[in-house]
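I have placed the structure first, in the form of structure tokens, so that the comments after it can refer back to it.
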Ligand code: SF4
């Protein structure tokens, strides 16, 4: 499930850490969602973590109390689609079913020089059917992994290494001299831009984080207070005023102008980031506020590892730290102890 839409290199460290903490189905099922998200923190597509957690609870609480061994049963679990069910059933249990990830789809559309639009579900269904006829009875897991590796290493989106490809004699797209034309995908509109203003508030060695609500992007993850999605840029004075009004927080906002971009699958986030120092820590932060909806909780943390956060939150903190080191009187001075 970690490998859905994510490269192996990015997953390895997460996988090892996850398995160390959750070596059994029961240990994962017994964990809190917050802890599962924390170990997933930075890997993206957090819905997978929540669904894996739900799936573990369903399996651990079921009659068998173990991971199902057939494609038919696996695909009933939360977060398990055709690719994941096919990969687990074939690799772990030797069932001759296909596992079509993006790499395999690319290989197949090139082998067949398939002119159909891969963005359409009908095309994916067709590929799934074709793929099912190709999986061997013997060692289907090896076959599926070989196809995935072929797509990842030789049959790459750009400049496929056809000269080294073991399938080159079968490949119609190579014969036609245009493998890069496949898979065919109808042009999609540009991902919309979303503008946000985030404030990194520090007080007495700790940062203020807020937890995003259920539903929507980054569900239940913690982030720096995000003030608006307004089109216009807010001035430091305006940010200070809004923080005061919305969080009930008396803070001094620095006039930093850190700009960050973060690309998601369906939108491009553009952040403007301010650093602020809270004059004092209020007893309570008022939560029905700002940002992408209503935040559901707040916490002061000394380390981002204390809670699950999205990759962008770490990126924001790194940028703020880098920007707070400024040259003053020919020396490098670190401001505010951040
Ligand atoms: S011959 Fe080229 S295009 Fe065809 S499958 Fe191999 S690498 Fe891909």
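Bear in mind that the values in this text are calculations on the coordinates, not laboratory data. It should be emphasised that the depicted structure is a prediction, and the values quoted were computed from it without experimental measurement. When we count neighbours, we look across all protein chains shown, and the Cβ atoms used for this are built from the backbone with ideal geometry, even at glycine.
Could you quote the convex hull projected area for region 99-141, Cα atoms only and averaged over all directions, in nm²?
One quarter of the hull surface, i.e. the mean projection, equals 3.0 nm².
With n ≥ 4 as the cut-off for DSSP H runs, can you work out [θ] at 222 nm for the chain, using -39500 (n - 2.57) per run divided by the number of residues, rounded to the nearest 500?
It comes out at -11000 deg cm²/dmol, rounded to the nearest 500.
Grab the alpha carbons of region 178-241, take their convex hull, and tell me the volume per residue in Å³.
Once divided by residue count, the hull of region 178-241 is 193 Å³.
Taking 0.36 nm per residue of separation and subtracting the Cα-Cα distance, what length does fully extending residue 138 through residue 280 add?
Taking 0.36 nm per residue and subtracting the Cα distance, the gain is 44.4 nm.
On a 0 to 90° scale, report how tilted helix 140-153 is relative to the longest principal axis of the chain, with both axes built from alpha carbons and the result rounded to the nearest 10.
60 degrees
So what's the angle, to the nearest 10 degrees on a 0 to 90 scale, between helix 121-134 and the longest Cα principal axis of the chain?
50 degrees
Among 62, 189, 311, which one shows the biggest mean-square fluctuation in a GNM of the chain, springs joining Cα atoms closer than 10 Å?
Result for the chain, Cα springs under 10 Å: 189 fluctuates most.
What is the list of residues in region 258-279 whose amide nitrogen lies under 17 Å from a point 7 angstrom out from the Cα of residue 217, following Cα to Cβ?
Hits in region 258-279 for residue 217 at 17 Å: 259-274.
State the extension gain, in nm to one decimal, for the chain segment bounded by residue 303 and residue 233, taking 0.36 nm per residue of separation less the distance between their alpha-carbons.
Stretched out fully, the residue 303 to residue 233 stretch lengthens by 22.3 nm.
Rounded to the nearest Å, what's the spacing between the alpha carbon centres of region 162-234 and region 96-144? Just the number, please.
If you average the Cα positions of each part, the centres end up 25 Å apart.
Relative to the compact globular guide of 2.2 N^0.38 Å, what is the alpha carbon radius of gyration of region 12-57, as a ratio?
After normalising by residue count via 2.2 N^0.38 Å, the value is 1.01.
I need the shape label for region 66-169. Rule: rounded when a/c is under 1.5, else prolate if a/b > b/c, else oblate, with a, b, c from the alpha carbon gyration tensor.
Judged from the Cα gyration tensor, region 66-169 comes out prolate (a/c at least 1.5, a/b above b/c).
Given points 7 Å out from each Cα along the Cα-Cβ axis, report the residue 265 to residue 241 separation in nanometres with one decimal.
With each label placed 7 Å out from Cα toward Cβ, I get 4.0 nm.
Please report the antiparallel percentage of DSSP beta bridges with both residues in the chain, rounded to the nearest 5.
Looking only at bridges with both residues in the chain, the antiparallel portion is about 65 percent.
Counting other beta carbons within 10 Å of each Cβ, put 41, 235 in order, fewest first.
By the 10 Å Cβ count, ascending: 235, 41.
Please give the contour-minus-distance gain from residue 73 to residue 117: 0.36 nm per residue of separation, less the Cα-Cα distance, rounded to one decimal in nm.
Using 0.36 nm per residue and subtracting the Cα-Cα distance, I get 12.8 nm.
Using a simple spin-label model with points 7 Å from Cα along the Cα→Cβ vector, what separation in nm is obtained for residue 257 and residue 24?
Going by the 7 Å Cα→Cβ label model, 5.9 nm.
What angle do you read, to the nearest 10 degrees and between 0 and 90, between the alpha-carbon axis of helix 236-247 and the longest principal axis of the chain?
The angle comes out at about 80 degrees.
With a ≥ b ≥ c the root eigenvalues of the C-alpha gyration tensor of the chain, is it rounded (a/c under 1.5), prolate (a/b larger than b/c) or oblate?
The shape class here is prolate.
In percent, how large is the relative contact order of the chain, given Cα pairs closer than 8 Å and 6 or more residues apart?
Relative contact order of the chain: 15 percent.
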